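Worksheet: the structure to be examined is printed underneath.
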Amino acid sequence: MWRPPSANNQDMTAKYKRVLLKLSGEALMGDQGFGIDSHIVLRIATEIKDVHDLGAQVAVVIGGGNIFRGIKASEEGFDRVSADHMGMLATVINALAIQDALEKMDVYTRVQSAIEMRQIAEMYIRRRAIRHLEKRRVVIFAAGTGNPYFSTDTTAALRAMEIKAEVILKATKVDGIYDADPVKVATARMYAEISYMEVLTQGLGVMDSTAISLCKDNSVPIIVFNIKTIGNIRRVIEGEKIGTLVH
């Protein structure tokens with residue numbers, strides 16, 4: 001069983017006061033290959049609580065790829081719009097899982113959905129989301145933008161700008177952005193920093209091109225880091241130089 005960090009939060013300070021954490025749905029499934037691993041959810045929720053206790057205002061966007069991937073389903077014959085809507089519903093399931101874990105740790109949390117489902121989530125309202133953050137609540141944005149053809153990466157970029165987040169924290173399964181796939185190429189080199197344009201022109205696939213372009217046009221930096229390394233969310237919040245900075 002994973003245990004939370006034992007460091008004294010009172011001795012720490014957050015470099016970033018308002019952040020948007022982008023999680024992939026795959027981050028929640030661990031080694032299962034599908035669905036939600038409760039132990040992984042607990043670990044991620046505990047790390048979110050850890051940085052929340054530092055004083056950071058935390059918003060979260062989570063994908064749904066551990067349950068359903070709209071673009072893959074459309075390639076297999078589903079109508080793209082229907083497939084994307086199904087993927088949006090998968091993100092709501094993941095959002096509720098993170099909310100449940102956080103609230104068991106006494107962290108007040110709100111799920112805001114871009115698709116109306118009043119019984120389980122609030123509708124996304126920008127000013128209400130900001131107010132929740134100011135009241136020290138973690139806000140989880142679910143159901144993407146509510147529109148087909150837009151990824152949760154684009155959702156993360158859009159919501160980050162709307163709530164005036166200082167940075168997007170892009171959690172991945174590798175240490176940062178490489179010039180080649182580090183799983184396949186042993187000599188792949190990791191960038192400490194890289195520009196938005198370099199990401200786009202080199203086709204590095206960190207986030208989709210729409211998301212990168214939105215961040216570039218609005219000067220929202222992105223830090224890409226490894227979510228599998230325990231404590232990395234806190235390290236980024238405290239300003240430690242880990243992963244890759246896109247700016």
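The values are calculated or read from the model by the stated rules, or taken from the named source; none is laboratory data. Being a predicted model, the structure only gives us computed values, none of them experimental. Cβ: placed from backbone, ideal geometry, glycine included. Neighbour counts: every protein chain shown. Calculation scope for accessible area: heavy atoms of the full protein, side chains included, ligands and nucleic acids excluded. Shrake-Rupley method; radii C 1.70, N 1.55, O 1.52, S 1.80 Å.
Quick notes on this structure:
- You can think of it this way: the chain between Ser209 and Arg131 has 25.1 nm of extra reach, that is 0.36 nm per residue less the Cα-Cα gap.
- Excluding exposed DSSP-loop GluC sites (Glu not before Pro) (at most 13 other C-beta within 10 Å), longest clean stretch of the chain: 117-239
- Asp100, Asp106, reordered so the largest accessible area comes first (probe 1.4 Å): Asp106, Asp100
- Arg118/Glu76 FRET efficiency (R0 30 Å; Cβ-Cβ; nearest 0.05): 0.40
- Global form of the range 177-247, assessed from the alpha-carbon gyration tensor, a/c cut-off 1.5: oblate
- Surface share of carbon and sulfur [accessible, 1.4 angstrom probe, percent] for the chain: 51 percent
- Residue pairs, from the table Lys17/Lys241; Lys22/Lys216; Lys49/Lys104; Lys184/Lys216, whose Cα atoms sit over 20 Å apart: Lys184/Lys216
- Solvent exposure of the chain as accessible area per residue, Å², 1.4 Å probe: 49 Å²
- Kyte-Doolittle mean at least 0.0, axial Cα span of 27 Å or more - DSSP H helices of the chain: 80-103
- The 3J(HN,Hα) values that the Karplus relation (6.51, -1.76, 1.60; θ = phi - 60°) gives for the range 22-35 are, in residue order, 9, 10, 7, x, 4, 4, 8, 8, x, 9, 6, x, 6, x Hz. Gly and Pro appear as x.
- Tensor-based shape of the chain (alpha-carbon gyration tensor, a/c under 1.5 rounded, otherwise prolate or oblate): rounded
- Nearest-10 value in Å² for the accessible area of Lys135, using the 1.4 Å probe: 100 Å²
- Residues with amide H under 5 Å from that of Val111, placed H, sequence gap 5 or more: Glu122, Ile140
- Spacing of the modelled spin labels on Glu193 and Lys17, each 7 Å from Cα toward Cβ, amounts to 2.4 nm.
- Using C-alpha pairs below 8 Å separated by at least 6 residues, the relative contact order for the chain is 21 percent.
- Projecting label points 7 angstrom from Cα along Cα→Cβ for Ile230 and Gln32 puts them 2.0 nm apart.
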